[in-house]
């Protein structure tokens with residue numbers, strides 16, 4: 001069975017500081033990993049994915065994520081946070097070749113001015 | 001492309017009534033997903049279609065829920081009869097290469 005854990009319900013960071021939103025996963029075989037962002041009253045929006053290749057994946061709006069196979073983690077990062085980054089972030093994982101990912105519970109990111 | 005289109009955006013209905021939610025996926029996408037989002041349960045996958053065929057409906061809560069995809073550009077999710085515990089935001093998402101593109105959702109309130 002697939003599972004995704006986002007250990008922090010909420011992450012607070014000051015504008016301009018680096019941010020990290022944590023995600024660990026459990027899937028069989030090679031993982032397909034995703035990050036999505038949800039702004040209030042909107043649908044989820046795709047940020048980035050890891051399928052294969054370089055462990056550091058770059059995505060939209062300056063976000064990146066690092067795949068760590070030994071730690072089964074896929075943390076989302078950004079070097080300098082913006083107030084407009086405040087939103088709900090979801091990590092998702094699927095077994096290689098599967099089109100059905102499992103989503104985490106989400107982490108609320110709050111960036112303070 | 002206009003993205004995934006869902007209608008209605010808001011629906012308020014009384015318990016026992018039939019509710020039909022509609023979705024138009026992105027043209028060319030061959031996978032379609034229906035999700036339900038609540039504070040208590042988070043994001044739940046209800047059903048997954050591939051090339052208009054239901055592949056996994058294990059998330060459909062009970063027989064009151066049904067979903068169809070008569071063609072590549074249209075899908076419906078029906079709840080009959082509706083109950084207050086069905087109140088949630090329902091999302092449709094479409095996909096071509098693993099990443100999913102979500103619609104704006106339908107906020108359903110059953111009183």
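Things worth noting here:
- Strands (runs of 3 or more DSSP E) within segment B:1-105 that include 3 or more residues within 12 Å of chain A (Cβ to nearest Cβ): B:31-38, B:42-50, B:88-95, B:100-102
- Among residues of segment A:1-22, those that are touching a residue at least 40 places away in the same chain (Cβ under 8 Å), within 14 Å of another protein chain (Cβ to nearest Cβ) and not in a strand (DSSP E or B), counted: 3
Rundown of residues vs (1) free of Cβ contacts under 8 Å to residues at least 24 places away in the same chain; (2) exposed (fewer than 15 other Cβ atoms within 10 Å of the Cβ), yes/no style:
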position	(1), (2)
B:39	yes, yes
B:46	no, no
B:49	no, no
B:58	yes, yes
B:62	yes, yes
B:65	yes, no
B:69	no, no
B:72	no, no
B:79	no, no
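- Within the set A:97, A:29, A:106, the sole residue that is exposed (fewer than 13 other Cβ atoms within 10 Å of the Cβ) and either facing another protein chain (nearest Cβ under 10 Å) or under 10 Å from the mean Cα position of the chain (by Cα) (or both) turns out to be A:97.
- Positions within segment A:33-48 being touching a strand residue (DSSP E or B) at 6+ places or on another chain (Cβ under 6 Å) and either modelled with pLDDT under 95 or in a loop (DSSP other than H, G, I, E, B) (or both), in sequence order: A:39, A:43, A:44
- Residues in segment A:42-62 that are more than 30 Å from residue B:10 (Cβ to Cβ), surrounded by 11 or more Cβ atoms within 10 Å (Cβ to Cβ) and within 14 Å of another protein chain (Cβ to nearest Cβ) were compared, and the one that is farthest from the chain's Cα centre (by Cα) is A:51.
The values are calculated or read from the model by the stated rules, or taken from the named source; none is laboratory data. Only a predicted model underlies this, so the values are computations on that prediction, with no experimental measurement involved. Cβ sites come from the backbone with ideal geometry, for glycine too, and all protein chains shown count toward neighbours.
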